[in-house]
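> Handing you this structure, nothing more for now.
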Amino acid sequence: MSFVVVVKEECATCQLVVPVIEHLLSTSNIEIYCQDNPDFPPEMPVVNDTELAYSWRMNIETVPTLIRFDQTGVEQDRIVGWDKTEWRRIVEEAIDVELPDFDLPGFRPGCGSRTQDPGMPSILAAKYDREKLQSRALTIAEQEDEMEACFDRGWSDGLPVVPPTPERVMRMLTGTHRASDEIVGVVPPDLIECTIEKIAINAVLAGCKPEYLPVVITAVEAALQDEFCMHGLLATTYFSGPMIIVNGPMSRAIGMNSKGNVLGQGNRANATIGRALQLVIRNVGGGKPGGVDRSVFGNPGKYTYCFAEDETNSCWESLAVEKGFADTASTVTLFAADGMQGIVDQKSRDPESLCRSFAAALRVVGHPKMVLAADAILVVSPEHERVYRLAGWSKQDVKDRLKALLMIEGSELIAGAGGIAEGLPAKFADAQLPKFREGGFNIVRAGGSAGMFSAIIAGWGASGSIGSVPVTREIK
């Protein structure tokens, strides 16, 4: 049997146990590692661990830590801090020699290991676990500005990014238990394999915190599902790009915004999660404007488009619950989205009137004559939701009424009707057609508590079976 003890001089408990360590040195095989002074304890053979290589490898979180090994070097036991009973048990079981009392108190808590100092875990991970990172390391010239270097290498969406140093990437990877080399899929348009590490790198670039990483990973996985049709969404000349809606406890745990200015700036989680997905598509898959991305206009959401549904005090089930998930689950829904179209109705106080306002606004999604093409999400504000709450209308009641109001006479939709050349073939003149395909219209609750406004987020003109459908995945 052998022992290792890890200490640091500035720790009062480590100072307290010096007589015990000295006794063990005289009666057993023990190695002493010191994190801050290779001459502590004094006049003893000490291994210099000021670089913390051993402490990091052995996962030392508290000093002093006493570890007992068997003859083959396998750890058998460890104790942190000073507990007279436990130290005596470990020592006496190993060497069958009674540990003196030393006139020490029965218990003293240890101190934090230097490996746990602020910022130190990511520094040490990058230094000693560098082999876990498979991405090619790039050297920045001494006189080169690291921010400009990111622009020069094409890693940016046009805004400054956070340089993905090994320390930052390792820190980001602490946000997930998944292996850094796990492949989540291939990213279009270049169909490049994407690992958890590559997602973490782009999350760093985007400015994410580690706790956002599971949401980003799930968003990437959703984007790579065939039914979302990420490649087609990239290649279209239409306006759309991927939009993320987050539901469940995680959205609140990481501080996402679901209330005032929900589709605007100012919230780090909303801004960086959406941006990270876009950067993965750009930097891993090669989906850059002017290349495969041929959108005529695009929309500002192609920088970042991400928000949380406001589920607190809602009278409606959430989007995730509608999709079959438990209300305790955290999910990501990905939608091929255009920009936002506002709806102003400050006078409707009954559900029928408000539904008619919504229907009139929804009629123009894509084009007043476009039917069964672009999907849409109606984002209902709390003040508008209150109209339905007071009337006892469920979300499905609202959907059903809007569906009825959006059954349109074919004579209004055919080419030439209303003096507009755009439209359907004349054979549809006697038909009655729905504005949206089955399942192509959804409602979420979000926004500030003051203001009788709601919003329409229209979808890609090729929504549905020929293009993209919304995809919902649980965050693991």
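The values are calculated or read from the model by the stated rules, or taken from the named source; none is laboratory data. Model, not experiment: these values are computed from the prediction. Every residue, glycine among them, receives a Cβ derived from its backbone with ideal geometry; neighbour counts consider all protein chains shown. Calculation scope for accessible area: heavy atoms of the full protein, side chains included, ligands and nucleic acids excluded. Shrake-Rupley method; radii C 1.70, N 1.55, O 1.52, S 1.80 Å.
> Taking one equal scatterer on every alpha-carbon of the chain, how large is log10 of I(q)/I(0) by Debye at q = 0.07, 0.12 1/Å?
So the normalised log intensities work out to -0.53, -1.01.
> Residue by residue through the range 300-312, what is 3J(HN,Hα) from phi via Karplus (6.51 cos²θ - 1.76 cosθ + 1.60, θ = phi - 60°)? Round to whole Hz and write x for glycine and proline.
After applying 6.51 cos²θ - 1.76 cosθ + 1.60, I find x, x, 6, 6, 6, 8, 7, 7, 10, 6, 7, 9, 6 Hz.
> Shifting gears a bit: For the chain, which cysteines have no disulfide-compatible partner, meaning no other cysteine Cβ under 4.7 Å?
Cys34, Cys150, Cys194, Cys208, Cys229, Cys306, Cys315, Cys355
> Students often check this: by mean Cβ neighbours within 10 Å, which of 57-67, 314-324 ranks highest, and how do the rest follow?
Taking the mean over residues of other Cβ atoms within 10 Å, the ranking is 57-67, 314-324.
> When DSSP beta bridges are limited to those with both residues in the chain, what percentage is antiparallel, rounded to the nearest 5? Present the calculation step by step, with values, prior to reporting the outcome.
Numbers: 42 of 61 bridges.
If I count the DSSP bridges inside the chain, around 70 percent turn out antiparallel.
> Need one number: the % of Cα-Cα pairs in the range 251-294 sitting beyond the 17 Å mark.
45
> How much of the accessible area of the range 86-224, in percent, comes from carbon and sulfur atoms when a 1.4 Å probe is used?
52
> Okay, next question. Could you tell me which of the pairs Lys369/Lys427; Lys209/Lys323; Lys259/Lys476; Lys259/Lys288; Lys399/Lys435 are separated by over 21 angstrom between their Cα atoms in the structure shown?
Table pairs above 21 Å Cα-Cα are Lys209/Lys323; Lys259/Lys476; Lys259/Lys288.
> Output the peptides 253-259, 48-54 sorted from most to least packed, where packing is the average of other Cβ atoms within 10 Å over each peptide's residues.
253-259, 48-54
> Would you kindly derive the ³J(HN,Hα) couplings of the range 400-417 from the backbone phi angles with the Karplus curve 6.51 cos²θ - 1.76 cosθ + 1.60 (θ = phi - 60°), listing them in order in whole Hz, with x for Gly and Pro?
Residue by residue, the range 400-417 yields 4, 5, 5, 4, 5, 5, 9, 7, 10, 5, x, 4, 8, 9, 6, 4, x, 4 Hz.
> Also, I was wondering about something else. For the chain, build the charge dipole from Cβ charges (+1 Lys, Arg; -1 Asp, Glu) around the Cα centre, then report which of Gly339, Ala361, Pro163 sits farthest towards its positive end.
Checked the options; the winner is Ala361.
> Here's something else I'd like to know. Can you give me the long-range amide H partners of Ala374? Hydrogens built in the peptide plane at 1.01 Å from N, cutoff under 5 Å, separation of 5 or more residues or another chain.
Ser463
> How far is it, in nm, from the label point at Thr312 to the one at Thr27 when both lie 7 Å from their Cα along the line to the Cβ?
Inter-label distance under the simple model: 5.9 nm.
> Could you tell me the relative contact order of the range 236-298? Use alpha-carbon pairs under 8 Å, at least six residues apart, and round to a whole percent.
It comes to 59 percent, rounded to a whole number.
> Taking only protein heavy atoms and a 1.4 Å probe, what accessible area per residue, in Å², does the chain have with all protein chains in place?
About 45 Å² of surface per residue is accessible.
> In whole Hz, with x marking every Gly and Pro, tabulate ³J(HN,Hα) for the range 465-474 from phi via Karplus 6.51 cos²θ - 1.76 cosθ + 1.60, θ = phi - 60°.
With coefficients 6.51, -1.76 and 1.60, one gets 5, 8, x, 10, 10, x, 10, 10, 10, 7 Hz.
> Classify the range 64-111: rounded, prolate or oblate, from the alpha-carbon gyration tensor (a ≥ b ≥ c, eigenvalue square roots; a/c under 1.5 rounded; otherwise prolate if a/b is larger than b/c)?
Numbers: a/c = 3.32, a/b = 1.38, b/c = 2.40.
Because a/c hits 1.5 or more and a/b fails to exceed b/c, the range 64-111 counts as oblate.
> Here's a follow-up. Label the range 1-141 by shape, choosing from rounded, prolate and oblate, from the square roots a ≥ b ≥ c of the eigenvalues of the Cα gyration tensor; if a/c is under 1.5 it is rounded, and otherwise prolate applies when a/b is larger than b/c, oblate when it is not.
prolate
> Continuing with the same structure: Sort 326-336, 300-310, 439-449, 410-420 by packing, meaning the average of other beta carbons within 10 Å per residue, with the highest value first.
Descending packing order for the listed peptides: 300-310, 326-336, 439-449, 410-420.
> Where in the range 308-350 does the amide nitrogen come within less than 11 Å of the point 7 Å from the Cα of Val292, taken along Cα to Cβ?
none
> Next up: Given R₀ = 30 Å, FRET efficiency for Glu182-Ala12 by Cβ-Cβ distance, to 0.05?
Taking R0 as 30 Å, the efficiency between Glu182 and Ala12 is 0.10.
> While we're looking at this one, here's another question. Taking H as built 1.01 Å from N, whose amide H comes closer than 5 Å to the amide H of Ile443, not counting residues under 5 places away?
Here the answer is Leu378, since their amide H atoms fall under 5 Å of that of Ile443.
> Rounded if a/c is under 1.5, else prolate if a/b beats b/c, else oblate: with a ≥ b ≥ c from the C-alpha gyration tensor eigenvalues square-rooted, which is the range 151-190? All intermediate terms of the calculation are to be shown ahead of the outcome.
Values: a/c = 2.84, a/b = 1.23, b/c = 2.31.
Taking the square roots of the gyration eigenvalues as a ≥ b ≥ c, the range 151-190 is oblate.
> What is the distance in Å between the Cα centroid of the range 308-371 and that of the range 98-159?
The two parts, judged by their Cα centres, are 44 Å apart.
> Multiply the residue gap between Asp190 and Asp152 by 0.36 nm, knock off their C-alpha separation, and tell me the result in nm, one decimal place.
Details: separation 38, 0.36 × 38 = 13.68 nm, distance 2.08 nm.
Separation in residues times 0.36 nm, less the Cα-Cα distance, equals 11.6 nm.
> Let me ask something else. Would you work out which of Val184, Leu205, Ile217 lies farthest towards the positive end of the dipole of the range 170-224? Charges go on Cβ: Lys and Arg +1, Asp and Glu -1.
The one lying farthest along the dipole's positive direction is Leu205.
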